[in-house]
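The values are calculated or read from the model by the stated rules, or taken from the named source; none is laboratory data. Every value quoted in this text rests on a predicted model; they were computed, and no experiment measured them. Methodologically, a virtual Cβ is constructed for each residue, glycine included, from the backbone with ideal geometry; neighbour enumeration extends over all protein chains shown.
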Amino acid sequence: MQTTPTARLVVFGEALTDLIRTGENTWLSQAGGAGWNIARVAARLGLPTGFAGAISNDCFGDELYQQSIAAGLDLRFLQRSDKNPFLAIVHETHPPAYFFVGNDSADCDFKPEQLPSGWQDGVEIAHFGSLGLVREPLATQLLELAISLKQAGVKISYDPNWRKLMGPEYLARFEIMLGLADYVKLSDEDLVHLMPDTPVEIALNQVCIWAGQASILYTQGANGLQLIEEGRKQFVPANKVNVIDTVGAGDASMGGWLTSLLMQPQASSQDHARFAAASAAIACQYAGAFAPTLSEVQTLLKENT
């Protein structure tokens with residue numbers, strides 16, 4: 001009897017559906033959500049991964065479920081809820097303009113006590129971030145879970161992934177999560193939104209102080225990324241590819257980074273950062289939040305060696 005490999009990475013947070021306006025009277029629905037995107041990327045790259053979140057029992061939830069199967073996610077961590085779906089209404093795309101629908105929706109109906117028996121025995125990294133740490137009661141549940149897992153010796157990963165719902169009050173939670181995290185991904189856009197009154201270099205130095213000994217992947221889009229460890233910065237340039245759009249590139253870099261850390265423990269920290277950058281570059285070659293395959297990432301890395 002074939003058994004499901006124990007999830008080495010578990011991603012906590014939101015899954016949602018983007019309703020994107022494509023014309024005056026036409027809309028396109030796309031499964032998404034930062035947490036779910038990161039989990040899907042890692043699973044498609046071959047890392048045993050669970051997405052620990054709740055989705056609705058309707059057509060939107062069904063699409064998320066089917067795409068979770070296609071990506072190879074460990075479905076034992078995925079919960080279904082009779083509550084309404086969580087939707088992001090993207091009414092403008094250039095530049096993006098959006099709002100959320102679902103104040104008491106399925107994502108907030110996640111129940112940690114229903115996680116599979118013994119799940120903590122195999123998990124090596126637990127990831128948190130985005131709206132999962134904003135929307136209550138989910139946010140408080142996940143913060144408590146992150147603290148508990150950290151105390152149990154599980155590595156914590158964190159990507160704030162700024163969204164409009166993160167007001168000034170989120171800064172306190174940002175500091176707490178940085179203090180818990182072993183791995184932090186932060187984009188230049190995130191930093192500007194989270195600390196708008198602080199010059200970027202000063203803000204980044206403050207992040208490093210709050211994050212302590214954590215490894216920080218500071219991404220700057222087409223300008224590449226910086227890997228910051230113990231005060232040392234290593235630069236990794238962006239890969240040159242034909243960019244269709246950058247939707248999901250940050251999630252791809254996060255998923256790629258965590259996958260490399262767990263699947264290539266012998267690799268250098270800069271190699272892990274290169275893998276993250278290549279994962280993001282592959283995602284940029286497709287419309288929407290694309291999850292790259294391992295062969296695609298490896299091929300791009302070889303081309304740029």
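List of remarks:
- Test: residue in region 51-64 that is polar (S, T, N, Q), touching a residue at least 40 places away in the same chain (Cβ under 8 Å), under 20 Å from residue 275 (Cα atoms) and not in a loop (DSSP other than H, G, I, E, B): no
- The residue that is modelled with the lowest pLDDT, counting only those in region 77-134 that are of a type in the set (Gly, Ala, Ser), within 30 Å of residue 22 (Cα to Cα) and assigned to a loop (DSSP other than H, G, I, E, B), is 102.
- When the residues of region 198-224 are filtered to those that are touching an Asp or Glu at 6+ places or on another chain (Cβ under 6 Å) and of a type in the set (S, T, N, Q), the one that is surrounded by the most Cβ atoms within 10 Å (Cβ to Cβ) is 215.
- Condition met for residue 215 (within 15 Å of the chain's Cα centre (by Cα), closer than 19 Å to residue 270 by Cα and not aromatic (Phe, Trp, Tyr)): no
- Identification of helices (runs of 4 or more DSSP H) wholly contained in region 197-285 with 2 or more residues that are in contact (Cβ under 8 Å) with a residue 40 or more places away in the chain and polar (S, T, N, Q) yields 249-263, 269-284.
- Single residue of region 277-305 satisfying the filter (hydrophobic (A, V, I, L, M, F, W, C) and within 13 Å of residue 47 (Cβ to Cβ)) that is surrounded by the most Cβ atoms within 10 Å (Cβ to Cβ): 291
- Of the residues making up region 12-45, those that are assigned to a loop (DSSP other than H, G, I, E, B) and either closer than 15 Å to residue 125 by Cβ or of a type in the set (A, V, I, L, M) (or both) are 13, 15, 45.
- Single condition residue 8 does not satisfy, out of (1) more than 17 Å from residue 120 (Cα to Cα); (2) at pLDDT 95 or above: (1)
- Which numbered condition residue 40 fails, given (1) touching a helix residue (DSSP H, G or I) at 6+ places or on another chain (Cβ under 7 Å); (2) surrounded by fewer than 17 Cβ atoms within 10 Å (Cβ to Cβ): (2)
- If the condition is being touching a Ser or Thr at 6+ places or on another chain (Cβ under 7 Å) and either outside any helix (DSSP H, G or I) or touching a residue at least 60 places away in the same chain (Cβ under 8 Å) (or both), then region 65-75 contributes 73, 74.
- Output for region 30-50, where each listed residue is touching a Phe, Trp or Tyr at 6+ places or on another chain (Cβ under 7 Å) and free of Cβ contacts under 8 Å to residues at least 60 places away in the same chain: 36
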